[in-house]
Amino acid sequence: MAREGEVVCVTGGSGCIGSWLVRLLLDRGYSVHATVQDLKDESETKHLEALEGAEARLRLFQIDLLNYGSILTAVSGCAGVFHLASPCIVDEVLDPEKQLLDPAIKGTLNVLTAAKEAGVSRVVVTSSISAFTPSPNWPADMVKSEDCWTDIEYCKQKGLWYPISKTLAEKAAWDFAKEKGLDVVVVNPGTVMGPVIPPRLNASMLMLVRLLQGCTETYENFFMGSVHFKDVALAHILVYENKSATGRHSCLEAISHYGDFVAKVAEIYPEYKVPRLPKDTQPGLLRAKDGSKKLMDLGLQFIPMEQIIKEAVESLKSKGFIS
Ligand SMILES: NC(=O)c1ccc[n+]([C@@H]2O[C@H](COP(=O)([O-])OP(=O)(O)OC[C@H]3O[C@@H](n4cnc5c(N)ncnc54)[C@H](OP(=O)(O)O)[C@@H]3O)[C@@H](O)[C@H]2O)c1
């Protein structure tokens, strides 16, 4: 049930997914505390201030995930918290601790501690399918879903720090919820794309830009399917509003290989230099139409891949990211 006038906090509100969530929350009548890293940077604030309902019901807060006091100020007075803020870097990193692990894990614990102190009733944590995969020992005849966890040792051997950061952050959230009795629920989105609200692109939209420019990377350890920004935002709201929603929630329109996605982009946009990739780019991944059954049971009807691609590419064109 949407609760008109209820105050909620969105950490990472300035980001690509965060902006969509802030937009849908304002549309539903919520009052929103959205966090940004730098209040003086208009590229983080202007697009949020322009949203319908923002003038009356949006407040912006500057936080640093490692600064507990800044987070406590943002969540104070809120009934719910959506914790999205986390660095999303799939390229090689020089200092994994500083660039990914600390903000993801300590940041999550800071947000949950502040939520507990502020008396928040439910926290939705944005994890990722990067906390499901890579999981090379998962049985080949089983669909990867909520009971599947990323293989940390495999990731360490391969230097895959983003999946490590998301997996350890999610595990830390579950441990905190159990120990301190905080109501936590998790959304695990696939590769998120669609119309972009902020003036800056996130890692998944950059991936699409690179693909349109001819990049042949197969994202073997990162891809499991695509999902529209709007559906990820809706998923967060659904699991927040439905008290019956518990645990993890796989969130993608279908489990697919990056090769399937790339072939579809090439079919719709033959004018770009989209490469031909093998069909099975994610070895051992079982394709599945209903990979996100828990969210579908809550009423989410996922936007199909073809529409995700069209809306994402048209948005990139209209905002001048590609010509
Ligand atoms: N994109 C995907 O395909 C995908 C898939 C699954 C899960 N996710 C998760 O979804 C969440 C949002 O990602 P996104 O795609 O929307 O990325 P994004 O556009 O890069 O947004 C990231 C947000 O986190 C904030 N942030 C990062 N480091 C921070 C720090 N140290 N202190 C405070 N705030 C910080 C950023 O603030 P600034 O704007 O001020 O930099 C931004 O608001 C992340 O948790 C990500 O792991 C993303």
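Coupling constants for segment 32-47 follow from the phi torsions by the Karplus curve (6.51 cos²θ - 1.76 cosθ + 1.60, θ = phi - 60°), and in residue order they are 10, 9, 9, 9, 10, 7, 9, 5, 7, 8, 5, 6, 9, 10, 4, 5 Hz; glycine and proline get x.
For segment 248-301, the set of GluC sites (Glu not before Pro) satisfying both a DSSP loop assignment and a count of at most 13 other C-beta atoms within 10 Å is given as E271.
The charge dipole of the chain, taken about its Cα centre with unit charges on the Cβ of Lys, Arg, Asp and Glu (plus for the first two, minus for the last two), comes to roughly 200 debye.
What's the center-to-center distance, using Cα atoms, between segment 26-57 and segment 237-271 in Å? Cα centres, segment 26-57 to segment 237-271: 26 Å. Note on V209 and E52: the model spin-label points, each 7 Å out from Cα along the C-beta direction, lie 2.9 nm apart.
Does segment 81-151 come out rounded, prolate or oblate by the C-alpha gyration tensor, with a ≥ b ≥ c the root eigenvalues, rounded set by a/c under 1.5 and, if not, prolate when a/b is larger than b/c and oblate if not? Verdict is oblate for segment 81-151.
Is the shape of segment 232-323 best called rounded, prolate or oblate, per the rule: a/c under 1.5 gives rounded, else a/b larger than b/c gives prolate, else oblate, with a ≥ b ≥ c the square roots of the Cα gyration tensor eigenvalues? Judged from the Cα gyration tensor, segment 232-323 comes out oblate (a/c at least 1.5, b/c at or above a/b).
From the alpha carbon centroid of segment 86-109 to that of segment 278-323 is 25 Å. Between I322 and E42, what is the FRET efficiency for a Förster distance of 22 Å, r being their Cβ-Cβ separation, to the nearest 0.05? Efficiency, rounded to the nearest 0.05: 0.40. Highest average first, the peptides 30-37, 170-177 ordered by how many other beta carbon atoms sit within 10 Å of their residues are 30-37, 170-177.
In plain terms, the residue of I303, I237 with the fewest other Cβ atoms within 10 Å comes first and the most crowded comes last, giving I303, I237. Of the trypsin sites (Lys or Arg not before Pro) in segment 241-319, the ones in a loop by DSSP (not H, G, I, E or B) with at most 16 other beta carbons within 10 Å are K243, K273, R276, K279, R287, K289, K319. DSSP beta bridges confined to the chain are antiparallel in about 5 percent of cases.
Every number here is computed from the coordinates shown, using simple stated rules; none is lab data. This is a predicted model, so every value here is computed, not measured. Glycine gets a Cβ as well: all are built from the backbone with ideal geometry, and neighbour counts include every protein chain shown.
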